[in-house]
Amino acid sequence: MAYVAKCTSSPPTPTTLPNPPLSSSATNFVSPPTSQQSSTPVAVVLSPCAACKILRRRCIEKCVLAPYFPPTEPLKFTIAHRVFGASNIIKFLQELPECQRTDAVSSMVYEANARLRDPVYGSAGAICQLQTQVSELQAQLAKARAEVANMQQQQANLLALICMEMKQSAEPIWASHLADTSWFLDDATLSAPWEPLWT
């Protein structure tokens, strides 16, 4: 009987435990990242300079060749390296102040190009050829100026001769008119009575 009474009795109500209080941090939603958080500095990967790329070495931060041989101009370093060598180029640049290094690199590249075209004389041969051309052009200019001066003198002489001939040809005409005054004093004029000028 006790078992039956136990089975027929109502089931016990489940006990509910109180929920723990939520903290203020848990109730707040996570805010999306702001623009300041998203704009974190990104590491920029710089390509090595043309010199280090051709030499197959690591381009350091303070590379001496990087400012003068950018990665977009590999032929510039190739020509200079073929004639002078990388070690000599670095040595030249290190011995010069920074304000003169750009001109020095331009001079080395020009000399290397000239040396590849003319291995014997290099840029001296080009300079000598240009000086010869300048001398020839100066001689041609002096000759042209002499011809212009001669033509101007001939033109002045011709104008003077024309003016002299025109002056000489005009003088006899006026002299003949002035010398021949018989038409003023012909017989008809002398025999005609003087008419009174007034009546």
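The values are calculated or read from the model by the stated rules, or taken from the named source; none is laboratory data. Note that the structure is a prediction, hence the values are computed from the model and not measured. Neighbour counts run over all protein chains shown; Cβ positions are idealised from the backbone, glycine included. These accessible areas exclude ligands, DNA and RNA; they are computed on the full protein's heavy atoms, side chains included. Shrake-Rupley method; radii C 1.70, N 1.55, O 1.52, S 1.80 Å.
Can you name the residue in the range 76-110 that is closer than 13 Å to L55 by Cα and open to solvent by 30 Å² or more (accessible area, probe 1.4 Å) and, of all such residues, is nearest to the chain's Cα centre (by Cα)? Looking at residues that are closer than 13 Å to L55 by Cα and open to solvent by 30 Å² or more (accessible area, probe 1.4 Å), I get T78.
Residue by residue, here is whether (1) under 26 Å from S47 (Cα atoms); (2) of a type in the set (F, W, Y) holds:
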residue	(1), (2)
P67	yes, no
L75	yes, no
T78	yes, no
R82	yes, no
F92	yes, yes
V109	yes, no
I127	no, no
Q131	no, no
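Look at the range 96-121: where a residue is small (G, A, S) and a partner is at pLDDT 90 or above and open to solvent by 60 Å² or more (accessible area, probe 1.4 Å), sitting 6+ places away or on another chain with Cβ atoms under 7 Å, you get A104/F92; A112/R82.
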